[in-house]
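Just below is one structure, and these are the notes that go with it.
Nothing in this text is a laboratory measurement; each read-out follows from the coordinates by a stated rule. In this text the structure is predicted, and so the values were computed from the model without any measurement. Please note: Cβ atoms are built from the backbone with ideal geometry, for glycine as well, and neighbour counts cover all protein chains shown.
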Amino acid sequence: MPEKTIFTNRRSEIAGVPVARLAEEFGTPLYVYDAAKIKERIADLAMFDTVRYAQKACSSLAILKLVRKAGAAVDAVSAMEIRRAVAAGWPVTAEKPEDPDPIVYTADIFDRDALDLIAGEYPVHVNCGSMDMIWQLGQRAPGREITLRLNPGFGHGHSQKTNTGGDQSKHGIWHEDLMRAIELASHFDLKVKGLHMHIGSGTDLEHLATVCEAMDRAGLAAGPRISVISCGGGLPVPYDNSGEYVDLAAYYKIWREKLDLLAKVYRHPIRLEIEPGRYIVAESGYLVSEIRAVKNQGGNLFYLADAGFNNLARPVMYGSHHPISVAGPSADAPEADVIVGGPLCESGDIFTQKEGGYVEKRRLPKAEVGDYLVFEVAGAYGFMMGSNYNSKPLAAEVLIEDGVPRLIRKRQSFSDLISCEVE
Ligand code: LLP
């Protein structure tokens, strides 16, 4: 298991580069990623036969290239994510039939552009999350191999909004429909070679382990046509000092033992895939911002930064906690209880809030306009869930490798912002 980071509310550097230097050189708001952390997290998962990166967590091309070079395969959930994977250098299909599919499209629908792309130019492997997907792929591209994403009838996530199983979830083929799905596939000569379950994002070992039982039942029902099983993503990372990692060795062992038994029944080996997004990139990412106003009103102290929920939506969306640090102050600098907000013309633009929008205070060093605030553990679902709300340009991104920061995404300009508009 990785060693836990101890979060403090002060930080002078990121991956060896001073925060102030990064902010001055590249401007703010700025996403900064530590390449070493991403490589380390992929290496932690080396016991799994295939590590498939859920790129929705962070799909900037330089990050994808880094992940590919570290040996991972990739998941895509849209036509453009397929194009990103190809642009980052993954081959469209495996060279040898026993190799893992380099790119897998996992979704509950095909939008028309995704179906056109997959039936035509980029015939990537499809993991079907609905009967309609089987129908639509079967009609356009009969004879392909597919996998089925099953909804095991239960789910769990860090928030109700990230729970992807159970009868209130739109995801996956309902577990009781497995045999019907296999029949439908065979009608089109689609060969079901694998099963997949993902019950939610940011869950825990207890819930993850229950998936293994459900998969065992499904695997026995589906029979020896199955040669690959994906246990999905969902691995949590600590977002504060009480947060925990999942014991990866224990998690792997639970799965391997079950799959070894299944493999005996099938009389052939089964490849075990894991499909994390957050675990691979969350801790590598930092959102650097500058404090632009310090307000004292109604007895509350506010730091207003130039980053808002247009840059990091997780607090407003799920009440997510991100560690916040002030760059530069000495260890004995005085502290205060602070509400941290952004620049947007909307009251919800507060980083220190719980689910439901209840504002909280955070103990932070006393700071002034011009000081830098860093939102940490922001690499997963950070930049990616950004928007142009209030006509704010998307942030720039920098990747630090071997102590050298490199711009991997330019800040949007006004002409970028209006480039698709027609007057
Ligand atoms: N596989 C499937 C089929 C998924 O739907 C997801 C996440 C993953 C893998 C990766 O899950 P992870 O390992 O990252 O937990 N925006 C939310 C998370 C939404 C996750 C959506 N699906 C957040 O910021 O917490």
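Of the GluC sites (Glu not before Pro) in the range 283-369, which ones lie in a loop per DSSP and count no more than 10 other C-beta atoms within 10 Å?
Working: sites: Glu283, Glu290, Glu335, Glu346, Glu355, Glu360, Glu368; in loops: Glu346, Glu355, Glu360, Glu368.
Listed in order of number, the matching sites are Glu368.
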Just grab the label-to-label distance for Glu183 and Ala87, each label 7 Å out from Cα along the Cβ direction, in nm (one decimal). 4.4
Charge dipole (debye, nearest 20) of the chain; +1 at Cβ of Lys and Arg, -1 at Cβ of Asp and Glu: 380
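Considering Cα pairs under 8 angstrom that are at least six residues apart, work out the relative contact order of the chain and quote it in whole percent. Walk me through the numbers before you get to the answer.
Values: 951 pairs, mean separation 84.9, N = 423.
Answer for the chain is 20 percent.
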What is the gain in length, in nm to one decimal, between Asp260 and Ala336 on full extension, counting 0.36 nm per residue of separation less the C-alpha to C-alpha distance? 21.8 nm
Hey, what's the per residue convex hull volume over the C-alpha atoms of the range 312-423, in cubic angstrom? 145
Quick query: amide H of Cys128 versus all other amide H atoms, modeled in the peptide plane; which residues come in under 5 Å with a sequence gap of 5 or more or a different chain? Thr147, Leu148, Arg149
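List the trypsin sites (Lys or Arg not before Pro) in the range 140-198 that DSSP assigns to loop (not H, G, I, E or B) and whose Cβ has at most 16 other Cβ atoms within 10 Å. Which are they?
Working: sites: Arg140, Arg144, Arg149, Lys161, Lys170, Arg180, Lys191, Lys193; in loops: Arg144, Lys170.
Qualifying residues, ordered by number: Lys170.
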At q = 0.12, 0.23 1/Å the base-10 log of I(q)/I(0) from the Debye formula over the alpha-carbon atoms of the range 89-210 is -0.46, -1.27
Once amide hydrogens are built 1.01 Å from N within the peptide plane, the residues lying 5 or more places from Arg271 or on another chain with amide H under 5 Å from its amide H are Val228, Ile229
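Considering Cα pairs under 8 angstrom that are at least six residues apart, work out the relative contact order of the range 97-223 and quote it in whole percent. Write down the numbers at each step before the final one.
Details: 213 pairs, mean separation 31.6, N = 127.
For the range 97-223, the relative contact order is 25 percent.
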Pop out the ³J(HN,Hα) list for the range 83-92 in order, Karplus 6.51 cos²θ - 1.76 cosθ + 1.60 with θ = phi - 60°, rounded to Hz; leave Gly and Pro as x. 4, 4, 4, 5, 4, 7, x, 6, x, 5
Step through the residues of the range 282-291 one at a time and calculate ³J(HN,Hα) from phi using the Karplus curve (6.51 cos²θ - 1.76 cosθ + 1.60, θ = phi - 60°), rounding each to whole Hz and writing x for Gly and Pro. 3, 6, 7, x, 9, 9, 9, 9, 10, 6
Through the Karplus equation 6.51 cos²θ - 1.76 cosθ + 1.60, θ set to phi - 60°, convert the phi angles of the range 333-345 into ³J(HN,Hα) values in whole Hz; use x for Gly and Pro. 4, x, 10, 8, 8, 10, 9, 10, x, x, x, 6, 7
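For the range 264-423, what does the relative contact order come out to in percent, with C-alpha contacts under 8 Å and a separation of six or more?
Value for the range 264-423: 26 percent.
Ranked highest first by the average count of other Cβ atoms within 10 Å around their residues, in what order do 373-381, 207-215 fall?
Numbers: 373-381: 26.1, 207-215: 19.0.
The most tightly packed comes first, giving 373-381, 207-215.
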Pairs of lysines in the range 1-105 (C-alpha under 20 Å apart; 8 or more residues apart or interchain): 11
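Run the dipole for the range 1-120 about the Cα centre, Lys and Arg Cβ at +1, Asp and Glu Cβ at -1, nothing else charged, and hand back the magnitude in debye, nearest 20.
Numbers: 16 positive and 18 negative charges, 95 e Å.
Using Cβ point charges on Lys, Arg, Asp and Glu, the range 1-120 gives about 460 debye.
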Quick check: Cα centre of the range 209-246 to Cα centre of the range 1-19, how many Å? 30
How big is the chain in terms of Cα radius of gyration and Dmax, in angstroms? 22.5, 71
Under the rule of at least 5 residues apart or a separate chain, name every residue whose amide H is placed under 5 Å from the amide H of Ser12. Gly328
Compute the acute angle (0 to 90°) between the alpha-carbon long axis of helix 248-266 and the principal axis of greatest extent of the alpha-carbon atoms of the chain; round to the nearest 10°. 10
